[in-house]
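*Asks:* Okay, handing you the structure first.
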Amino acid sequence: MRSDEEIKVDVVKQLQWDLRIDASDVSVQVADGIVELNGFVPTRSAKTAATDDAYVVDGVLTVENHLSVRYPEQRDLPTDEAIRNNIESNIGFNSNLETYKIDVEAEEKWVTLHGTVSSYWEKVEAEDEALYVDGVLGITNELAVVPTGSFRDEDIAEDVVNALDRNIFVNPNDIDVKVENGEVTLDGIVGSIRAKNAAYNSALYTPGVTLVDNQIRVSRERVPM
């Protein structure tokens with residue numbers, strides 16, 4: 001088992017290696033395999049990349065990314081109107097999303113999404129389209145999930161469990177699935193972040209799901225699949 005200090009050294013090296021990230025203002029702390037990132041990065045994509053980089057390091061169980069986006073002062077950032085137009089354009093080019101149901105607001109570089117989508121994964125995808133637009137500091141996603149059909153919680157839970165059972169990276173016996181009013185809660189212990197993410201995706205793309213609360217923990221003692 002790797003020590004927290006060994007994990008920290010490799011996470012720092014990984015962040016410094018990645019040209020997408022200016023890690024000069026990033027601090028890394030590790031306790032019991034849990035990595036905490038604090039400080040500032042110059043873009044939203046750099047913040048996401050920092051999480052991805054930390055997770056590839058052996059021994060990392062969870063990454064808590066508290067990084068804030070602070071654009072360089074010398075940069076000319078897009079106006080709020082330009083940010084809004086660029087997000088609407090991105091959403092418009094995404095064939096999975098119904099543009100006319102989504103309203104975009106931008107105020108002081110902070111974006112708020114209003115409207116409705118028919119699936120939870122569409123809500124997540126709309127947010128992703130906004131996150132990577134230049135100038136965006138953060139997102140408030142107020143999109144309501146309104147499924148186009150009637151779904152019983154029991155049927156949703158069964159579909160999620162069946163999806164877990166089909167997934168090569170997940171042992172469904174390790175995961176507890178609860179559904180209430182379309183909101184899925186995943187709980188349990190798995191041996192790798194890959195298994196945790198696979199379980200999340202199994203719920204994310206299930207019809208009728210309106211929210212996924214992934215409370216699955218990764219344990220060093222659990223042997224990865």
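The values are calculated or read from the model by the stated rules, or taken from the named source; none is laboratory data. Model, not experiment: these values are computed from the prediction. Here the Cβ is made from the backbone with ideal geometry for all residues, glycine too, and neighbour counts use every protein chain on show. These area figures cover heavy atoms from the full protein model, side chains too; ligands, DNA and RNA do not enter into them. Shrake-Rupley method; radii C 1.70, N 1.55, O 1.52, S 1.80 Å.
*Asks:* Name the pairs: first residue in the range 23-44 and without any contact (Cβ under 8 Å) to a residue 60 or more places away in the chain and within 15 Å of Val56 (Cα to Cα), second residue among the aromatic types (Phe, Trp, Tyr) and open to solvent by 30 Å² or more (accessible area, probe 1.4 Å), Cβ to Cβ under 9 Å, at least 6 apart or on different chains?
*Replies:* Val35/Tyr55
*Asks:* Which residues, taken from the range 19-40, are in contact with a Phe, Trp or Tyr (Cβ under 8 Å, 6 or more places away or on another chain) and loosely packed, with under 15 Cβ neighbours inside 10 Å?
*Replies:* Matches in the range 19-40: Asp25 only.
*Asks:* Can you name every residue in the range 206-221 that is more than 21 Å from Val146 (Cα to Cα) and either within 16 Å of the chain's Cα centre (by Cα) or of a type in the set (A, V, I, L, M) (or both)?
*Replies:* Within the range 206-221, Gln215, Ile216, Arg217, Val218 qualify.
*Asks:* Considering (1) in contact (Cβ under 8 Å) with a residue 40 or more places away in the chain; (2) surrounded by fewer than 16 Cβ atoms within 10 Å (Cβ to Cβ), say which one Asp165 fails and leave the rest.
*Replies:* (1)
*Asks:* Of everything in the range 5-18 that's farther than 11 Å from Ala50 by Cα and among the aliphatic types (A, V, I, L, M), which residue is surrounded by the most Cβ atoms within 10 Å (Cβ to Cβ)?
*Replies:* Only one residue fits best here, namely Ile7.
*Asks:* With respect to Asp4, is the statement that it is of a type in the set (D, E, K, R), farther than 22 Å from Gly135 by Cβ and modelled with pLDDT of 95 or more true?
*Replies:* yes
*Asks:* Can I ask one more? Got a sec? Which of Ile21, Ile7 is over 11 Å from Asn65 (Cβ atoms), of a type outside the set (Phe, Trp, Tyr), in a helix (DSSP H, G or I) and out of contact with any Asp or Glu (no Cβ under 6 Å at 6 or more places or on another chain)?
*Replies:* Step by step, each of Ile21, Ile7 is checked, and only Ile7 is over 11 Å from Asn65 (Cβ atoms), of a type outside the set (Phe, Trp, Tyr), in a helix (DSSP H, G or I) and out of contact with any Asp or Glu (no Cβ under 6 Å at 6 or more places or on another chain).
*Asks:* Determine which member of the set Val184, Val209 is open to solvent by less than 20 Å² (accessible area, probe 1.4 Å), touching a residue at least 60 places away in the same chain (Cβ under 8 Å) and among the hydrophobic types (A, V, I, L, M, F, W, C).
*Replies:* Val209
*Asks:* Do you know which of the residues in the range 137-193 that are among the hydroxyl-bearing types (Ser, Thr, Tyr) and farther than 19 Å from Ser119 by Cβ is farthest from the chain's Cα centre (by Cα)?
*Replies:* So, considering only residues that are among the hydroxyl-bearing types (Ser, Thr, Tyr) and farther than 19 Å from Ser119 by Cβ, the one farthest from the chain's Cα centre (by Cα) is Ser192.
*Asks:* Still on this model: Of everything in the range 51-92, what is in contact with a strand residue (DSSP E or B) (Cβ under 7 Å, 6 or more places away or on another chain), touching a residue at least 40 places away in the same chain (Cβ under 8 Å) and under 26 Å from Val104 (Cβ atoms)? Give them in sequence order.
*Replies:* Result: Leu67, Val69, Arg70, Ile83, Ile87.
*Asks:* State which residue is nearest to Asn214 (Cα to Cα) when the search covers only the range 127-161 and only residues that are in a loop (DSSP other than H, G, I, E, B) and open to solvent by less than 30 Å² (accessible area, probe 1.4 Å).
*Replies:* Filtering the range 127-161 for residues that are in a loop (DSSP other than H, G, I, E, B) and open to solvent by less than 30 Å² (accessible area, probe 1.4 Å), the one nearest to Asn214 (Cα to Cα) comes out as Leu143.
*Asks:* For Ala203, are the conditions met, namely being more than 19 Å from the chain's Cα centre (by Cα), free of Cβ contacts under 8 Å to residues at least 60 places away in the same chain and part of a helix (DSSP H, G or I)?
*Replies:* Taking the combined requirement at face value, the residue does not satisfy it.
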